[in-house]
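Inspection log for the structure reproduced underneath, given as structure tokens.
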Amino acid sequence: MNSVGKRNQESRDEWLEKTIKLIPSGSRVLDAGAGELKYKKYCTHLEYVAQDFAEYDGRGDESGLQMGTWDQSKLDLVSDITSIPQPDASFDAILCIEVFEHLPDPLAAIKEFTRLLKPGGHLIITSPFSSIAHFAPYYYYTGFSKYFYLTHLENSGYNIAEIAVNGNYFEYLAQELRRVKSIGKKFANIRASFIEHLAIQLLLLMLGRLSRHDTGSSELLHFGCQVHATKQL
């Protein structure tokens, strides 16, 4: 089975599970922009607090990619991510997973995280390097490179423990190629022919082979960065 372009979320989740385990048991963790609390399952050894602004309803403005339904009934805190009603230095760790592209001012969010984190606290962020429009109208940026984190986290008083790149150029192209048939049907009202379907499969085989032999195409394009930083003492 050719899995090229299919492991974006799976790879990210594997990294998150591994990285969250590094947070000491009993630590108080904030999941900022938690949505449906997808990553609570990795935090059973932690005191988990979920925050979100709780305005997305699954339909948004009905443009781009929407979820259809969205349940935020289990949040602990409902607030703007740049003004979370918690005391200074009240968390040992903060997660912010696939949220930055939905923030009008991600730098203000980093400032708030810095206020909320204890010295030595863990900050774990993932966001797309590039992405199609989703959750509109709450979609403001196409993505974030490693240089965004190197610049702004270090300037905000963090030590970067790891920046892991998810995927590469060939994997990203394959992910979007796999969407072509459904997007063509939705936006052009055209179904792929048998020959076109075969052409897509051939291209996916080529992209899979190229990805297996990749030597650094993630420098050009990838799914997103996965960042683990600690607040300086």
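Listed values, structure above:
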read-out	value
Hey, GLY167 buried (at least 19 other Cβ atoms within 10 Å of the Cβ) and at positive phi or not	yes
Selection status of SER211, assigned to a strand (DSSP E or B) and in contact (Cβ under 8 Å) with a residue 60 or more places away in the chain	no
Residues located in the stretch 128-148, provided they are outside any loop (DSSP other than H, G, I, E, B), among the aromatic types (Phe, Trp, Tyr) and surrounded by 15 or more Cβ atoms within 10 Å (Cβ to Cβ)	PHE148
Single match in THR151, THR114 (criterion: of a type in the set (Val, Ile, Thr), farther than 19 Å from ASN8 by Cβ, open to solvent by 60 Å² or more (accessible area, probe 1.4 Å) and assigned to a helix (DSSP H, G or I))	THR151
Residue selected from the stretch 222-233 under the condition part of a loop (DSSP other than H, G, I, E, B) and open to solvent by 30 Å² or more (accessible area, probe 1.4 Å), by the criterion farthest from TYR149 (Cα to Cα)	LEU233
Every residue from the stretch 87-107 that is open to solvent by 30 Å² or more (accessible area, probe 1.4 Å) and either under 19 Å from GLY157 (Cβ atoms) or in a helix (DSSP H, G or I) (or both)	PRO87, ASP88, ALA89, ASP92, HIS102, ASP105, LEU107
LYS74, sole failed condition from (1) part of a helix (DSSP H, G or I); (2) open to solvent by 50 Å² or more (accessible area, probe 1.4 Å)	(1)
Near pairs, Cβ below 6 angstrom, 6+ apart or cross-chain, from the stretch 182-193 (over 13 Å from GLY64 (Cα atoms)) to any residue that is open to solvent by 100 Å² or more (accessible area, probe 1.4 Å) and in a loop (DSSP other than H, G, I, E, B)	GLY184/ILE190; LYS185/ARG191
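The values are calculated or read from the model by the stated rules, or taken from the named source; none is laboratory data. Treat the numbers as computed from the prediction; the structure is a model and nothing was measured. Note that we place each Cβ from the backbone using ideal geometry, even for glycine, and neighbour counts take in every protein chain shown. These area figures cover heavy atoms from the full protein model, side chains too; ligands, DNA and RNA do not enter into them. Shrake-Rupley method; radii C 1.70, N 1.55, O 1.52, S 1.80 Å.
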